[in-house]
1. Would you please classify the overall shape of the stretch 272-372 from the alpha carbon gyration tensor, given that a ≥ b ≥ c denote the square roots of the eigenvalues, rounded means a/c under 1.5, and beyond that prolate means a/b larger than b/c while oblate covers the rest?
2. Please give the direction-averaged projected area of the C-alpha convex hull for the stretch 59-102, in square nanometres with one decimal.
3. Which lysines does Lys315 reach when only Cα atoms under 27 Å apart count, and residues fewer than 8 places away in its own chain are ignored?
4. What residue among Ala343, Ala390, Ala266 has the largest mean-square fluctuation in a Gaussian network model of the chain, using Cα springs under 10 Å?
5. Suppose the chain between Met1 and Phe204 were pulled fully straight at 0.36 nm per residue; how much longer would it get relative to their current alpha carbon spacing?
6. As an exercise, identify the trypsin sites (Lys or Arg not before Pro) in the stretch 182-262 lying in DSSP coil whose Cβ has no more than 10 other Cβ atoms within 10 Å.
7. Kindly state, as a whole number, the per residue volume in cubic angstrom of the convex hull around the alpha carbon atoms of the stretch 127-296.
8. What FRET efficiency do you get for Met396 and Asp358 if R0 is 51 Å and r is their Cβ-Cβ distance, rounded to the nearest 0.05?
Amino acid sequence: MKAEQGKNFSLERINLAELERRTGVSRARLRRLKANNYQVKPHASKGKRPKATVLSGYSAVLDALLTQGIANSSVLLQRLQAEGYTGSLTTVKRYIQSHRSLIPAKRQLVAPQGSRGSRYTTAPGETYQMDWGFTKVADYTGNEFQAACFAVICHHCGQRYIEFFPNAKQENLFIGMIHAFRYMGVPRYVLTDNMKSVVIRRDFSGFPIWQKDYEAFMGTVGFQTKLCKPRHPFTKGKVERLVRFVKENFLADRAFWNVTDLNRAALEWCNRQNTVYHRALGFVPQELHLTNCAASLSQLEDSLSLRFYLAPERKISFDGFINYEGRRFGVPYSYRGSTARIAREDDMIYIYSADARDLLATYEVTWSKRDRFCKDQYLDVRQPEEFPTAPVRTTMTMLEEPKQDLTFDKFDFDKGVVWDE
């Protein structure tokens, strides 16, 4: 502009609109520069920190979580939003970066073992990976017990499903697999490690000898199982990483009322994670699962045989109770069977007959250790009783019960005498 105007150029009479068009600097900032003779000076508030920020009042929550080793910014943001935080994720990340000293040191890493081969790949919808993960639960009384997390993930697209159980028994494995198949579909193969509830041993040729109940379950549902090499978790590394992600993300600072409340939150977490874009993979797992994997999957239809797996069989004790998940539930005395089936669905526990056709009793889910009694548990309502086959025509009369004649009544001299008033 000085070259164009020559001797007529003056900083006092410069056109700020034209200068804004050429430089891209806003007119407000050009006015401030003009007042300072076009010299850039530091801001007056440089070095000062505001007394109150968007994180004011929430730093104690962040410090407590960082001290526990929870440094996942997404988890911390969710916990703060539950407390009323309205800031952004970037603010939380900056706080974590400036308070790294609060995070406990990680365990010492072992030396790398080198490459062991190529990655294991499968076709869309061909293989699921499943595994168990374990966590500790501290109840309100201070006692601590162990819970099991059943995890399933599609090897091709990363669609995932998790469910929690009090233990990792075989009956809970069947229940978790049925629920996962209903949620994701039935694949051709399931990849797992050498669980006791899946395989007994291998023969001389290296082929697995299946556990008989698990082999029957495979035939009922219609899938096959592949076993991983012992002490080689990289083959099913997706589900191994899923278990770790559940512990670091979902279980971080998690509180719940009962197992139904926990599984409801786990299902919501799965729905949210399956619909999130994964930058490392380059797609949304649920979209890829519905477009590519669904064509190779089969739907699991409800049948009586599946109902047997969802409702495990229990023996009835001498006093009319069955034991399920460490708690005792009463069975009606009128039921004559020696065994019954019990299932937990949402907030209710259902007790069926041994053939799973009759509903005997229902209970609300609770963690109380007290015995739960059902109505008419000790009342036999099926005793044989005879009824008249012809109309009843005879009638009897029932009198009032006479009073007893006491021995000392003969000394009652006022009996029968009316005194004049």
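A short reminder: the numbers here are calculations on the coordinates, not readings from a lab. Small disclaimer: the values here were computed from a predicted structure and weren't measured. Please note: Cβ atoms are built from the backbone with ideal geometry, for glycine as well, and neighbour counts cover all protein chains shown.
1. Numbers: a/c = 4.42, a/b = 2.26, b/c = 1.96.
Prolate.
2. Numbers: hull surface 10.5 nm².
With every direction weighted equally, the projected area is 2.6 nm².
3. The qualifying lysines are Lys169, Lys196, Lys212, Lys369, Lys375.
4. With Cα springs under 10 Å in the chain, the top fluctuation among Ala343, Ala390, Ala266 is at Ala390.
5. Roughly 64.0 nm would be gained on extension.
6. When the trypsin sites (Lys or Arg not before Pro) of the stretch 182-262 are filtered for loop state and at most 10 Cβ neighbours within 10 Å, Lys196, Arg231 remain.
7. Working: hull volume 22.0 nm³, N = 170.
So the per-residue Cα hull volume is 130 Å³.
8. Efficiency, rounded to the nearest 0.05: 0.75.
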